[in-house]
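Novice: Structure in structure tokens, see below.
The values are calculated or read from the model by the stated rules, or taken from the named source; none is laboratory data. This is a predicted model, so every value here is computed, not measured. Cβ coordinates were reconstructed from backbone atoms using ideal geometry, including for glycine residues, and neighbour counts include every protein chain displayed. SASA here: full protein model, heavy atoms, side chains in, ligands and nucleic acids out. Shrake-Rupley method; radii C 1.70, N 1.55, O 1.52, S 1.80 Å.
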Amino acid sequence: MKKIKWPNWPNYGKSEHEAVSRVIKSNQLFAEKEVKSFENEFAKYINVKNSLGVGNATQGLHLALAALDIGVGDEVITTPYSWISSASCILMQNAVPVFTDIEESSLGICPKSFEQSITRRTKAVILVHLFGYPSQLDQILEIANRYNLPVIEDASHSHGAIYKNKMVGSFGKISVFSLHQRKTISVGDGGIICTDDDDIANKIYQL
């Protein structure tokens, strides 16, 4: 049997080596200028007003909930079919993750099941665009708006995904992307938060 040769990922090359060298030579290992430049470029790419770099997407999701004042006893609806961070970030705020069913075509949360899971304690929904497949955004946003629930897009897998001619990550109140070495855009490990809400962006920055 022929052995399968899997591609090396990530595949860092000359430009990445030069970028790291540029940071080291600057004597600013926090790399403020590099980070700001990346944040601005990423915001422009997703077509949102604000992007903020963070240590990883788990931190990004946690900060998103904190910025929305999610706290003790609040319920946040999410999917059971995801990496643990989609639920653990809710527990970090002493809130309650509520798992809803997924649907077959996108592997994201089922709009009908989502609506059935809403209670008076529901304060937000975290939907996950898994493996780059956009969730059913039209239906989910319509339901969320009707119940006045902020939508957080966990777009960790979905850099560059498009839903009806609009970038994934530009639909919700807040979106979070992963920059882990297994993701489409990699910085080794890291994450980035996107939002059009200046007040939320400022709060996340302060946090």
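Novice: Is one or more of the residues making up region 172-182 open to solvent by 40 Å² or more (accessible area, probe 1.4 Å), out of contact with any Asp or Glu (no Cβ under 9 Å at 6 or more places or on another chain) and outside any loop (DSSP other than H, G, I, E, B)?
Specialist: Scanning region 172-182 turns up no residue that is open to solvent by 40 Å² or more (accessible area, probe 1.4 Å), out of contact with any Asp or Glu (no Cβ under 9 Å at 6 or more places or on another chain) and outside any loop (DSSP other than H, G, I, E, B).
Novice: Also, I was wondering about something else. Out of region 89-106, which residues are closer than 23 Å to residue 158 by Cα, surrounded by fewer than 18 Cβ atoms within 10 Å (Cβ to Cβ) and hydrophobic (A, V, I, L, M, F, W, C)?
Specialist: The answer is 99, and nothing else.
Novice: Would it be correct to say that residue 85 is in contact with a strand residue (DSSP E or B) (Cβ under 9 Å, 6 or more places away or on another chain), under 24 Å from residue 157 (Cα atoms) and either open to solvent by less than 70 Å² (accessible area, probe 1.4 Å) or among the basic types (Lys, Arg) (or both)? Walk me through it before giving the result.
Specialist: Working: in contact with a strand residue (DSSP E or B) (Cβ under 9 Å, 6 or more places away or on another chain): yes; under 24 Å from residue 157 (Cα atoms): yes; either open to solvent by less than 70 Å² (accessible area, probe 1.4 Å) or among the basic types (Lys, Arg) (or both): yes.
Judged against the criteria, residue 85 is a match.
Novice: Just need a number here: residues in region 33-58 that are touching a helix residue (DSSP H, G or I) at 6+ places or on another chain (Cβ under 8 Å), assigned to a helix (DSSP H, G or I) and either closer than 16 Å to residue 198 by Cβ or open to solvent by 20 Å² or more (accessible area, probe 1.4 Å) (or both).
Specialist: Counting residues in region 33-58 that are touching a helix residue (DSSP H, G or I) at 6+ places or on another chain (Cβ under 8 Å), assigned to a helix (DSSP H, G or I) and either closer than 16 Å to residue 198 by Cβ or open to solvent by 20 Å² or more (accessible area, probe 1.4 Å) (or both) gives 3.
Novice: In region 130-152, how many residues are open to solvent by less than 30 Å² (accessible area, probe 1.4 Å), farther than 13 Å from residue 76 by Cα and without any contact (Cβ under 8 Å) to a residue 40 or more places away in the chain?
Specialist: Of the residues in that region, 4 qualify.
Novice: Something else about it: Looking at this structure, is residue 100 within 21 Å of residue 195 (Cα to Cα) and touching a Ser or Thr at 6+ places or on another chain (Cβ under 6 Å)?
Specialist: no
Novice: Residues in region 1-19 that are assigned to a helix (DSSP H, G or I), surrounded by 13 or more Cβ atoms within 10 Å (Cβ to Cβ) and not charged (D, E, K, R): how many?
Specialist: Residues meeting the conditions: 1.
Novice: If you don't mind, another one. Can you pull out every residue in region 107-128 that is of a type outside the set (D, E, K, R), under 24 Å from residue 158 (Cα atoms) and not in a strand (DSSP E or B)? Even if it seems obvious, please write down each step before you answer.
Specialist: Step one: filter region 107-128 for residues of a type outside the set (D, E, K, R), giving 107-111, 113-114, 116-119, 122, 124-128.
Within this subset, residues satisfying the condition of being under 24 Å from residue 158 (Cα atoms) are 107-111, 113-114, 124-128.
Within region 107-128, 107, 108, 110, 111, 113, 114 qualify.
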